[in-house]
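J.: Mind having a look at this structure? Questions to follow.
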Amino acid sequence: MKRRDVLAGLTGSAALSLSGCITTPEPCVGETWTGLGYAVRLGDIASDADGNRWSGTCALDVDFSYVSGDGPDITNAGIALYAQNGTRVGLVRIGDVTWADVSDEDRREMSCGGYQRGSTTVRRDFDVDEFPYYLGLWYEQIRTGALEHASGLTYSDGSLPQGTVSPSSWDSTLVSRDPFPPLPESDPKLGTAISAGKLVTYYRICEREEPSVVTTACCDVGVRGTLPTPNPNYVAEFRGARLTRDGTTAVVRVAVREFQRPPETTCDDGETAVLGYTVGLSFDGERPTSFELVHLSADGTEVERFEVQQ
């Protein structure tokens, strides 16, 4: 089986654990894709005398495998530091991380097909005014055939420290290209006869899309739309839904949420990215025949509304 097919057939931790050379005689059997993995580490950390600032050293380890040319890369990499509620409190800029950054002594030939593998580490100091509960990769783009492993850091103790804390108090956390850390749970307000509602997906896109009704695995129906944002790295938040009095229309409220997540979306001609989203809804009775999307700013001010026919 080709290595690409093996990776495509696995998900979650099983896929992330598959790295290294295929255990077949030389040369490799079938097509081989370049691979990239990364891990965020914490070298040291300390607070000031008043406990109002935190400083230390963090590192990004990047592994490359099955490289036969330029190899994969991470564009505009950085290490983001987040508070416990998920807001970003600091960003340590690193820049591009490429195969060219791997020194000759850190490269080696793989046992099949004449491919190379290697690794490089970039260390940076940080200084923030809130406790860094999470540390994760920030990036503009990850270019690779296979994302072989990816990990950030999550503070493991139950309460925030009041004084000295060791880097061992952070656990390595498997992540993927999905935003890390996870957003804190929101509590949308659901009206009568709406049994369930959730934000299924959110993403960034450079052009606005027409609102539409789609299928979704979680719920009876999904509603997809895009809303403008003052910051392309914010996310969408599902505020709630209700049925009109005659039950024919579901009014769905979606707002900008001031949480910054990678990647940093860049658009042509200086256009600002907009937030795309899908909201899933389930109903106790018959589904409504139309949906009204109400878009809100972060403070709850209505920005626009659209009607979508099923």
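The values are calculated or read from the model by the stated rules, or taken from the named source; none is laboratory data. In this text the structure is predicted, and so the values were computed from the model without any measurement. Glycine also receives a Cβ, built like all others from the backbone with ideal geometry; neighbour counts cover every protein chain displayed. What goes into the accessible areas is simple: the full protein's heavy atoms, side chains included, and nothing from ligands, DNA or RNA. Shrake-Rupley method; radii C 1.70, N 1.55, O 1.52, S 1.80 Å.
J.: What strands (runs of 3 or more DSSP E) completely inside region 80-192 contain at least 3 residues that are farther than 13 Å from Cys58 by Cα? Show your work before the answer.
T.: Working: elements: 88-98, 107-109, 116-128, 134-138, 141-143, 146-155, 170-174.
Here the list reads 88-98, 107-109, 116-128, 141-143, 146-155, 170-174.
J.: Can you tell me which residues in region 67-108 are modelled with pLDDT under 90 and farther than 19 Å from Arg53 by Cα?
T.: Answer for region 67-108, where residues must be modelled with pLDDT under 90 and farther than 19 Å from Arg53 by Cα: Ser68, Gly69, Asp70, Gly71, Pro72.
J.: Here are some residues: Val102, Val67. Which one is of a type outside the set (Ser, Thr, Tyr) and touching a residue at least 40 places away in the same chain (Cβ under 8 Å)?
T.: Val67
J.: For region 40-79, which residues satisfy the criterion of being of a type in the set (A, V, I, L, M), outside any loop (DSSP other than H, G, I, E, B) and over 26 Å from Gln141 (Cβ atoms)?
T.: The answer is Ile45, Ala46.
J.: So, one more: In the list Pro167, Pro182, which residue meets the criterion of being at pLDDT 90 or above and touching a Gly at 6+ places or on another chain (Cβ under 8 Å)? Quick ask: steps written out before the conclusion?
T.: Details: Pro182 fails: at pLDDT 90 or above.
That would be Pro167, the only listed residue that is at pLDDT 90 or above and touching a Gly at 6+ places or on another chain (Cβ under 8 Å).
J.: Can you pull out the residues in region 123-167 that are farther than 15 Å from Gly78 by Cα and small (Gly, Ala, Ser)?
T.: Gly145, Ala146, Ser156, Gly158, Ser159, Gly163, Ser166
J.: Limited to region 42-58, what total is found for residues that are surrounded by fewer than 17 Cβ atoms within 10 Å (Cβ to Cβ) and in contact (Cβ under 8 Å) with a residue 60 or more places away in the chain?
T.: First pass over region 42-58, keeping only residues surrounded by fewer than 17 Cβ atoms within 10 Å (Cβ to Cβ): 43-44, 46, 48-53, 55, 57.
Checking which are in contact (Cβ under 8 Å) with a residue 60 or more places away in the chain leaves us with 43-44, 46, 51-53, 55, 57.
Residues that pass the stated criteria total 8.
J.: Tell me the strands (runs of 3 or more DSSP E) entirely within region 253-310 that contain at least 1 residues that are open to solvent by 30 Å² or more (accessible area, probe 1.4 Å) and not polar (S, T, N, Q).
T.: 290-296, 302-309
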